[in-house]
Amino acid sequence: MSATFEVINPASGRPVASAPDNGPAEARQAAARAVAGFGHWRRTTAYERSAVLRAWASALLAREVEIARLMAQEMGKPVTEARGEVRYAVSFVEWYAEEAKRVYGETVPSQAAHKRILVQSQPVGPVYAITPWNFPAAMITRKAAPALAAGCSIVLKPAEQSPLTAMHLAELWVASGGPPDVFQVLPTSNPGAVSEVFFDDPAIRKLSFTGSTEVGVRLAAQAAKTMKRVSLELGGHAPFLVFADADIESAVREVLASKFRNAGQTCVCANRIYVHDAVHDAFVERFAAAVAALRVGDPLDEATQIGPLVDAQGLDKVRAHVDDALERGATAVVGGSAGEGLVFCPTVLTGVAPGMRILEEETFGPVAPIIRFEADEEAVRQANDTPYGLAAYLWTRDLSRAFRVAEALDYGIVGVNDGLPSAAQAPFGGVKMSGVGREGGKWGIEEYLNLKFISMAL
Ligand code: SIN
């Protein structure tokens with residue numbers, strides 16, 4: 001295969017490198033290799049799989065700086081933040097290296113004296129995974145590590161914007177003693193045609209996808225043709241509720257971290273910030289000062305906190321959301337416009353109200369819309385008034401309110417006085433249009449296991 005496609009650095013607009021441009025023929029070969037790989041990998045012991053995963057984790061960690069720089073160049077994540085992502089990516093591999101050894105079976109009391117009921121977990125089979133550009137390393141290991149730990153093989157199609165990190169991870173897998181047919185990376189500039197091959201192949205037993213809700217809905221329908229298991233981690237529209245009794249300093253610090261992580265390009269970024277009337281002005285004043293101080297610049301510069309958006313399409317959407325809000329009466333207390341190249345200046349909007357696009361769609365950019373509220377119930381109602389249900393956050397010092405609101409929020413993840421709850425050992429995933437299934441923790445490996453009931457008559 002000789003075709004390639006260019007990977008463009010969003011900071012400079014110049015090519016970083018080229019990646020192999022796989023098509024349907026290569027996809028069919030990869031699927032066949034994954035089936036063969038599954039045949040031998042499923043027969044290895046959990047201890048053997050664990051050893052390879054541990055070696056892979058060490059290899060990734062040893063190349064933290066190199067991988068972070070690659071990420072910064074191909075999708076614009078500031079390099080300091082990208083180093084954090086490499087450690088986050090490694091945490092999934094480390095976790096599942098251990099979890100591989102804890103795939104237990106069960107025995108169940110029988111209704112008949114001569115029967116025994118056994119329940120075993122077995123790997124689902126070859127997996128097809130599609131990963132996004134916003135976490136070029138961690139979204140790969142969050143899928144690949146549990147799949148590999150469970151005994152599945154996996155073919156992974158990375159986003160067109162970030163194939164280089166993915167290819168590097170696959171090289172390190174092989175260098176760590178991982179069989180090449182068990183974890184394959186298949187970059188392509190034609191994702192539809194490549195994915196079709198896997199959807200049509202009944203031997204591929206599972207789809208795992210992270211990306212937009214719109215695409216996820218389409219892929220789920222395609223995967224249903226061959227009745228694959230599916231895990232879908234889709235869009236979010238996270239509300240962040242700051243109550244009257246909140247610790248304002250910590251709320252400002254954590255909204256900043258949640259909202260401006262990866263220039264606002266994560267599914268769990270705070271997208272709608274509801275602030276109680278009693279603390280609204282104090283919050284806005286401190287938050288605006290903190291946002292104005294964010295350092296925008298070259299992703300390869302250690303001091304940079306905000307890099308460019310990934311592409312022109314992303315920038316256009318952010319601009320359209322901000323323009324719409326300003327036209328409908330919002331005020332930009334910081335930012336409000338695009339900067340150089342693909343940069344959108346970190347922005348704080350006040351006076352944001354229902355009916356503005358920014359409250360209805362995921363913005364995926366460095367824009368913080370603030371909505372004033374008076375009654376707790378109204379804030380919770382507005383927070384839940386969305387088709388999405390991935391992550392939500394609330395800030396309060398009152399334990400009863402914390403429980404009441406956390407339980408009332410219709411979301412898969414709730415951060416109580418915590419703006420960055422993601423962790424390898426915890427279940428990540430959403431409800432409603434934010435997806436199905438969970439990644440991370442003991443739940444993440446179950447997505448790659450089928451239960452087998454063995455009824456044994458003596
Ligand atoms: C995502 O944006 O989907 C991932 C965010 C995270 O793992 O915290």
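The values are calculated or read from the model by the stated rules, or taken from the named source; none is laboratory data. All values derive from a computational prediction rather than experimental measurement. All Cβ positions, glycine included, derive from the backbone under ideal geometry; neighbour counts span all protein chains shown.
The residues listed here are E377, E362, E407; of these, the one that is closer than 19 Å to F240 by Cβ, within 16 Å of the ligand (Cβ to nearest atom), charged (D, E, K, R) and not assigned by TED's automatic domain parsing to the domain that holds A97 is E362. Screening segment 110-151 for residues that are over 23 Å from the mean Cα position of the chain (by Cα) and among the hydrophobic types (A, V, I, L, M, F, W, C) and picking the one that is farthest from the ligand (Cβ to nearest atom) gives A113. Once segment 175-197 is narrowed to residues that are within 24 Å of Q122 (Cβ to Cβ) and within 22 Å of the chain's Cα centre (by Cα), the residue that is surrounded by the fewest Cβ atoms within 10 Å (Cβ to Cβ) is Q184. Only one of the numbered conditions (1) within 16 Å of the ligand (Cβ to nearest atom); (2) assigned to a loop (DSSP other than H, G, I, E, B); (3) not small (G, A, S) is violated by Y96, and that is (2).
Each residue in segment 424-451 was checked for being farther than 24 Å from I204 by Cα, surrounded by fewer than 18 Cβ atoms within 10 Å (Cβ to Cβ) and not basic (K, R), and 4 of them qualify.
Mind checking whether some residue in segment 320-327 is without any contact (Cβ under 8 Å) to a residue 12 or more places away in the chain and assigned to a helix (DSSP H, G or I)?
Our first condition is that a residue be without any contact (Cβ under 8 Å) to a residue 12 or more places away in the chain; within segment 320-327, this holds for 323, 327.
From what's left, assigned to a helix (DSSP H, G or I): 323, 327.
Yes, segment 320-327 contains at least one residue that is without any contact (Cβ under 8 Å) to a residue 12 or more places away in the chain and assigned to a helix (DSSP H, G or I).
Please count how many residues of segment 416-450 are outside any helix (DSSP H, G or I) and more than 22 Å from A278 (Cα to Cα).
Filtering segment 416-450 for residues outside any helix (DSSP H, G or I) gives 416-431, 435-440, 447-450.
Still in the running and more than 22 Å from A278 (Cα to Cα): 420-431, 435-440, 447-450.
Number of matching residues: 22.
Select the helices (runs of 4 or more DSSP H) contained entirely in segment 136-206, then report the ones holding at least 2 residues which are closer than 13 Å to A34 by Cα and hydroxyl-bearing (S, T, Y). If you could, list the steps in order and put the result at the bottom.
Values: elements: 138-150, 163-175, 191-200.
So the answer is none; nothing clears 2.
Taken as a whole, segment 87-110 holds at least one residue that is in contact (Cβ under 8 Å) with a residue 24 or more places away in the chain, within 30 Å of A312 (Cα to Cα) and basic (K, R).
Looking across segment 400-422, the residues that are within 19 Å of the chain's Cα centre (by Cα) and not acidic (D, E) come down to Y411, G412, I413, V414, G415, G419, L420, P421, S422.
Out of all the residues in segment 41-49, is one or more in contact with a Pro (Cβ under 6 Å, 6 or more places away or on another chain) and basic (K, R)? Write out each step before concluding.
Within segment 41-49, the subset in contact with a Pro (Cβ under 6 Å, 6 or more places away or on another chain) is 42.
From what's left, basic (K, R): 42.
There is at least one residue in segment 41-49 that is in contact with a Pro (Cβ under 6 Å, 6 or more places away or on another chain) and basic (K, R).
Let's see how each residue does on (1) within 19 Å of the chain's Cα centre (by Cα); (2) within 28 Å of Q161 (Cβ to Cβ):
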site: A31; (1), (2): no, yes
site: T44; (1), (2): no, no
site: A51; (1), (2): no, no
site: A59; (1), (2): no, yes
site: A68; (1), (2): yes, yes
site: M71; (1), (2): yes, yes
site: V93; (1), (2): yes, yes
site: Y96; (1), (2): yes, yes
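Within segment 116-137, residues that are without any contact (Cβ under 8 Å) to a residue 60 or more places away in the chain have Cβ atoms under 6 Å from residues that are within 16 Å of the ligand (Cβ to nearest atom) and in a strand (DSSP E or B) in no pair, counting only partners at least 6 apart in sequence or on another chain. The residues of segment 1-50 that are part of a helix (DSSP H, G or I) and not hydrophobic (A, V, I, L, M, F, W, C), listed by number, are P24, E26, R28, Q29, R33, G37, G39, H40, Y47, E48, R49, S50. In the set (1) buried (at least 23 other Cβ atoms within 10 Å of the Cβ); (2) within 16 Å of the ligand (Cβ to nearest atom), Q161 fails one condition alone, (1).
Scanning segment 236-271 for residues that are small (G, A, S) and surrounded by fewer than 24 Cβ atoms within 10 Å (Cβ to Cβ) turns up A244, A246, S250, A257.
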